[in-house]
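Notes for the one structure printed next.
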Amino acid sequence: MKLKKSLGQHFLIQPSIAQKIISLMLPVEDTESVLEIGPGRGALTRHLLHLKNQLWLIEKDVFWVEYLKKQFPDIENRIICGDVLEFSLSNLPQQPVHVIGNMPYNISGPLLFMAIEQKDNLVEWLGMLQKEVVERIIAHPGTKSYGILSVLLQIFFHVKKHFVVSPFAFQPPPQVNSAVIQLVPKKITLPCPEQIFITVVKHAFKQRRKKLSNALKGLPLNKIPNSFANKRAEELNPQEFVELSTYYEL
Ligand code: SAH
């Protein structure tokens, strides 16, 4: 077997864990589709075959694409060989989309930002990630893990950590623990442009221990209220970041 570290290839070898992940999926309606990211050797895929023509796979490694086509000839036309980071969910004929995967950990950050950008096309995003990243997603203010991912994802999604998976469930075992996280888009409209909110959060955490009046210098603003000026990024809850963002301009 040829395994590429650069593509984060750690294959799940415990079928019970694959089944447990699949059982967490929300019901798939007839009009919706399911996209599996990075199917690799098909550990999750084999539990998704009942979805028939609603199932799509995207895998970057040609070797495993060829393998999957042989293993699962019924879905060979729906195995996309490509980079998920360049893929738009709106390309799929059935909408919205359930995204599922034992994700390539080396691109966790970009994958999560992609989920934010494409949230209008999502029913849910259910994935295995490095446990530490999952902890950052669900973290509360004032903790070490609290940061950009916590604020952005908690504003746009209901976030739920399901269970932790040991390295020995994979071949080869990764050097970190893993955990399964489910993101379900919230139906919300921000009182400010989303791009401003995202920029403010990113800026604030770049210098997380500085007072916001300093950390946010350089962003065009109306007037930052005193109640925020003397606080630090790690002290604000996600909703307070939304409020803070209404004082900024594009
Ligand atoms: N889901 C499988 C494999 C997980 S390993 C299992 O549970 O066993 C991660 C998989 O993502 C690998 O197959 C890797 O080739 C694939 N991958 C890595 N980067 C990718 C990218 N940018 N786009 C699509 N697939 C990618």
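The values are calculated or read from the model by the stated rules, or taken from the named source; none is laboratory data. What you are looking at is a predicted structure, and each value in this text was computed from that prediction instead of being measured. Cβ atoms come from the backbone with ideal geometry, glycine included; neighbour counts cover every protein chain shown.
Couple of notes before you dig in:
- Test result for ILE21, modelled with pLDDT of 95 or more, in a strand (DSSP E or B) and closer than 25 Å to VAL184 by Cα: no
- Any hit, the stretch 41-52, residues being among the hydrophobic types (A, V, I, L, M, F, W, C), assigned to a helix (DSSP H, G or I) and within 12 Å of the ligand (Cβ to nearest atom): no
- Screening LEU122 on (1) of a type outside the set (Asp, Glu); (2) closer than 30 Å to LEU244 by Cα; (3) without any contact (Cβ under 8 Å) to a residue 12 or more places away in the chain shows it passes everything except condition (3).
- Only one entry in VAL242, VAL200, VAL159, VAL176 is assigned to a loop (DSSP other than H, G, I, E, B) and either surrounded by 13 or more Cβ atoms within 10 Å (Cβ to Cβ) or at pLDDT below 95 (or both), namely VAL176.
- For LEU49: the one exception among (1) surrounded by 15 or more Cβ atoms within 10 Å (Cβ to Cβ); (2) in contact with a strand residue (DSSP E or B) (Cβ under 9 Å, 6 or more places away or on another chain): (1)
- In the stretch 212-237, the residues that are on the phi > 0 side of the Ramachandran plot form Cβ pairs under 9 Å with partners that are surrounded by 15 or more Cβ atoms within 10 Å (Cβ to Cβ) and of a type outside the set (Phe, Trp, Tyr), at six or more places apart or across chains, as follows: GLY218/HIS203.
- For the stretch 92-115, the set of residues classified as among the hydrophobic types (A, V, I, L, M, F, W, C) and within 27 Å of LYS5 (Cβ to Cβ) consists of VAL99, ILE100, MET103, ILE107, LEU111, LEU112, PHE113, MET114, ALA115, listed by residue number.
- Looking only at the stretch 71-104, and only at residues there that are assigned to a loop (DSSP other than H, G, I, E, B) and under 17 Å from the mean Cα position of the chain (by Cα), the one that is nearest to GLU32 (Cα to Cα): PRO96
- Close pairs (7 angstrom Cβ cut-off, 6 or more residues apart or separate chains): touching a residue at least 24 places away in the same chain (Cβ under 8 Å) and surrounded by fewer than 21 Cβ atoms within 10 Å (Cβ to Cβ) in the stretch 179-192, of a type outside the set (Phe, Trp, Tyr) and in a loop (DSSP other than H, G, I, E, B) anywhere: GLN182/LEU24; PRO191/THR246; CYS192/THR246
- Flag set for LEU68, criterion: surrounded by 15 or more Cβ atoms within 10 Å (Cβ to Cβ) and part of a helix (DSSP H, G or I).
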